[in-house]
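Every read-out reported here was derived from the displayed coordinates using simple, explicitly stated rules and does not represent laboratory data. Here the structure is a predicted model, which is why all the values come from computation and not from measurement. Methodologically, a virtual Cβ is constructed for each residue, glycine included, from the backbone with ideal geometry; neighbour enumeration extends over all protein chains shown.
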Amino acid sequence: MAEKQNSILTPTTAAAPEGISGQGFFATSLEKAVGLARKNSLWPLPFATSCCGIEFMATMGSHYDLARFGSERLSFSPRQSDLLMVMGTVAKKMGPVLREIYIQMAEPKWVIAVGACASSGGIFDTYSVLQGIDRIIPVDVYVPGCPPRPEQIIDGIIKIQELVGNESLRRRNSAEYEALMKKYNME
Amino acid sequence: MFKINAERNKFVVKILSDNFSEAIVQQEVILDMLCITVTKEAINPFLLFLRDNNELKYDFLTTLCGMHYPEIDQLGVVYHLHSLTNNHYIRVKTATELSNPVLPTATNIWPSANWMERETFDFFGIQFQGHPNLVRILNVDDMTAFPLRKDFPLEDQTREDKDDSMFGR
């Protein structure tokens, strides 16, 4: 049973960050407290265009239950979401739409590319398909697979959570981040 | 599938050869479907005749699409027509040069040819003269190539991660 506790499918409650605790109080840095709150309440925006989207529906379903990781509430408005999940083939004609959705999301925001098509174009090495969404928007985590199993998608979400929990509060104001946005011709 | 009607095929061929003897380049029956190739100069009156002749009445344009013959440097268009009143199908083909791919539009005969001609222009680059709005319909607007021509490379040319030796090149 101890082994089962460590499986990604049986998450434990979020561990408290480093800090000073005493009777009736707990003190930690603001950054860690904010990171803890953010990573355990991600609001994903599912951008599902094909079969990877079906796997995601299984991931959200009762069996795999993504809600256990704090992503209970899917947001279908980019303005109210902080994680863009691109799942499936993105045609070149869809590219500007995806880019617009990313721009409309409020900072801080993260992107996960689920499946071979979103990551690299996959088997669709052809004139009409975008060869990976990282050509138009920055991507934080890539999930391989065609399509990936729900376990892999959950693994990707946990990788995102690690990034979210450890992100510096000043990262989005850094010169590095500005250069990244400039690279994608944003702002 | 449509009903085989060899008698009807012969009847249609007779009417057409009586009226367009010099325009018809070739006639054949492929899988029981009558297929007639005409010169591009005659294609518009030929299609109009097929629609308006009282014996024929091909009042429905089932589909229309482009073809590319790289070995003879020609582009072609094939029209699939259906006579709802006679329940008979016919296929009409025509060809134009690759260097100057111009054909008359069929939108003035069947308005449904509009989007199909746009698609044919999009993928083969055939210019339909007289078309009300001949712009790309499926591909991205800023595309300059015609991707269904045989000389268009199938794979995306912007990929850098593919190792040619893995694909026997």
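Values computed for the structure shown
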{"item": "Most to least packed among A:77-87, B:144-154 [average Cβ atoms within 10 Å]", "result": "A:77-87, B:144-154"}
{"item": "Global geometry of region B:6-153, whether rounded, prolate or oblate, following the gyration tensor of its Cα atoms and the 1.5 cut on a/c", "result": "prolate"}
{"item": "Relative contact order of chain B, pairs being alpha-carbon contacts under 8 Å that are 6 or more residues apart, as %", "result": "16 percent"}
{"item": "FRET E, pair A:ASP155, B:ARG136, Förster distance 41 Å, beta-carbon r, rounded to 0.05", "result": "0.50"}
{"item": "Bridge type composition, the protein assembly as shown - antiparallel percent by DSSP, nearest 5", "result": "60 percent"}
{"item": "Approximate spin-label separation B:LYS10-A:CYS146, in nm, with each point projected 7 Å along Cα-to-Cβ", "result": "5.4 nm"}
{"item": "Sequence-separation-based contact order of chain A, relative, with Cα cut under 8 Å and 6+ spacing, percent", "result": "21 percent"}
{"item": "Two-site label geometry, B:THR144 and A:CYS51: point separation in nm, points 7 Å out along Cα→Cβ", "result": "3.6 nm"}
{"item": "Within the protein assembly as shown, helix-based [θ] at 222 nm, where runs of 4 or more DSSP H residues each add -39,500 (n - 2.57), nearest 500", "result": "-8500 deg cm²/dmol"}
